[in-house]
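Chemist: Quick one: this structure, given as structure tokens, is what I'll be asking you about.
The values are calculated or read from the model by the stated rules, or taken from the named source; none is laboratory data. Only a predicted model underlies this, so the values are computations on that prediction, with no experimental measurement involved. Positions of Cβ are generated from backbone atoms using ideal geometry, with glycine treated the same way; all protein chains shown enter the neighbour counts.
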Amino acid sequence: MKFGVLVFPGSNCDHDTYNVIAEIAHQPVTFLWHDSEDLGGVDAVLVPGGFAYGDYLRTGAIARFSPVMQAVKRFAEGGGLVLGICNGFQILTECGLLPGALMRNAGLKYICKQVHLRVETTNSAFTNKLKKGEVLEIPIGHMEGNYFCTPDELRQMEAEDRIAFRYSTPEGAVTPEANPNGSIGNIAGILNAQRNVLGMMPHPDRSSEQLLGSADGWKIFASMVEALATR
């Protein structure tokens, strides 16, 4: 299997993400530059955090038009695995691979801290090594992490078991106090209808080794490796 990590002008978590695949998962991985129209035969695409194109206009608004994202859209529509982290999640909503939008945090401040996520589904290539109801400790670092969608979109995602993670207390209670950014329904991560695209605001790339304070994020990458190995 082979992973590809996108690199935009302004990406700042591309090397973190690359390191998880190369040094922890021990799988082949390559960087994919923003102006490339070829994904190089990868089996999974990772869209990392950062500030693609400086977040001008709004987060992800320019990145959606990049040549590499046109290739990623074709890849995803063909069933390829795509994980968008933080800015990557924002880009995936902008280009229509995921529903909804990411708005300014409810407190209008940048937030960088450890948070807790409750696993809502194990029925995906990104969560198959997790347990439903399991609580993960993973950091966030964003200004526009306030997830919003229409009531119809929310009902559809809930009916189709497409909400991957919700912000929670360490005990797994989904409360307003556990919501760091105002996201509707405490949503921290969602899946597309085909279940091969995941977008999440928290950073599993920053929590895949215990020396970083938590290794819980590694389970998401391990799930992807498992899913690709059994395809």
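Chemist: Assigned to a helix (DSSP H, G or I) and not hydrophobic (A, V, I, L, M, F, W, C), is that true of E37?
Modeler: no
Chemist: Quick one: in region 208-223, of everything that is of a type outside the set (S, T, N, Q) and closer than 16 Å to F165 by Cα, which residue is surrounded by the most Cβ atoms within 10 Å (Cβ to Cβ)?
Modeler: Among residues in region 208-223 that are of a type outside the set (S, T, N, Q) and closer than 16 Å to F165 by Cα, the one surrounded by the most Cβ atoms within 10 Å (Cβ to Cβ) is I220.
Chemist: Which of the residues that make up region 3-16 are within 16 Å of the chain's Cα centre (by Cα), in a loop (DSSP other than H, G, I, E, B) and surrounded by fewer than 18 Cβ atoms within 10 Å (Cβ to Cβ)?
Modeler: Of everything in region 3-16, just one residue is within 16 Å of the chain's Cα centre (by Cα), in a loop (DSSP other than H, G, I, E, B) and surrounded by fewer than 18 Cβ atoms within 10 Å (Cβ to Cβ), namely N12.
Chemist: Something else about it: Kindly provide the set of residues from region 1-30 that are of a type in the set (F, W, Y) and free of Cβ contacts under 8 Å to residues at least 40 places away in the same chain, ordered by number.
Modeler: Of everything in region 1-30, just one residue is of a type in the set (F, W, Y) and free of Cβ contacts under 8 Å to residues at least 40 places away in the same chain, namely Y18.
Chemist: Look at region 17-35 and say how many of its residues are under 28 Å from M143 (Cα atoms) and surrounded by fewer than 20 Cβ atoms within 10 Å (Cβ to Cβ).
Modeler: Summing the residues that are under 28 Å from M143 (Cα atoms) and surrounded by fewer than 20 Cβ atoms within 10 Å (Cβ to Cβ) in region 17-35 gives 5.
Chemist: Whether any residue in region 205-212 is free of Cβ contacts under 8 Å to residues at least 24 places away in the same chain, of a type outside the set (G, A, S) and more than 29 Å from G54 (Cβ to Cβ) is what I want to check.
Modeler: yes
Chemist: Looking at T122, T93 in this structure, which one is of a type outside the set (D, E) and part of a loop (DSSP other than H, G, I, E, B)?
Modeler: Answer to the selection: T122.
Chemist: Out of everything in region 175-201 that is of a type in the set (A, V, I, L, M, F, W, C) and surrounded by fewer than 17 Cβ atoms within 10 Å (Cβ to Cβ), what residue ends up being nearest to R118 (Cα to Cα)?
Modeler: Applying the filter and picking the extreme gives I184.
Chemist: Only residues that are of a type in the set (A, V, I, L, M, F, W, C), in contact (Cβ under 8 Å) with a residue 12 or more places away in the chain and in a helix (DSSP H, G or I): list them for region 61-80, please.
Modeler: Within region 61-80, A63, V68, M69, A71, V72, F75, A76 meet the criteria.
Chemist: Test of understanding: among L46, L83, L32, L102, which residue is under 14 Å from L191 (Cβ atoms) and part of a strand (DSSP E or B)?
Modeler: When all the criteria are applied, what remains is L83.
Chemist: Still on this model: Within region 215-231, track down each residue that is of a type in the set (V, I, T) and assigned to a helix (DSSP H, G or I).
Modeler: Across region 215-231, the qualifying residues are I220, V225.
Chemist: Residues Y56, Y110: which one is of a type in the set (S, T, Y) and at pLDDT below 95?
Modeler: Answer to the selection: Y56.
Chemist: Only one residue in G172, G141 is assigned to a loop (DSSP other than H, G, I, E, B), of a type in the set (G, A, S) and out of contact with any Pro (no Cβ under 7 Å at 6 or more places or on another chain), so which one is that?
Modeler: Just one listed residue meets the conditions, G172.
Chemist: Given the options T169, T127, name the one that is surrounded by fewer than 20 Cβ atoms within 10 Å (Cβ to Cβ) and of a type in the set (V, I, T).
Modeler: T169
Chemist: Continuing with the same structure: Filter region 1-39 for residues that are out of contact with any strand residue (DSSP E or B) (no Cβ under 6 Å at 6 or more places or on another chain) and of a type in the set (G, A, S); which is nearest to F75 (Cα to Cα)?
Modeler: S36
Chemist: Just wondering, is there one or more residues in region 152-159 that are without any contact (Cβ under 8 Å) to a residue 40 or more places away in the chain and surrounded by 22 or more Cβ atoms within 10 Å (Cβ to Cβ)?
Modeler: no
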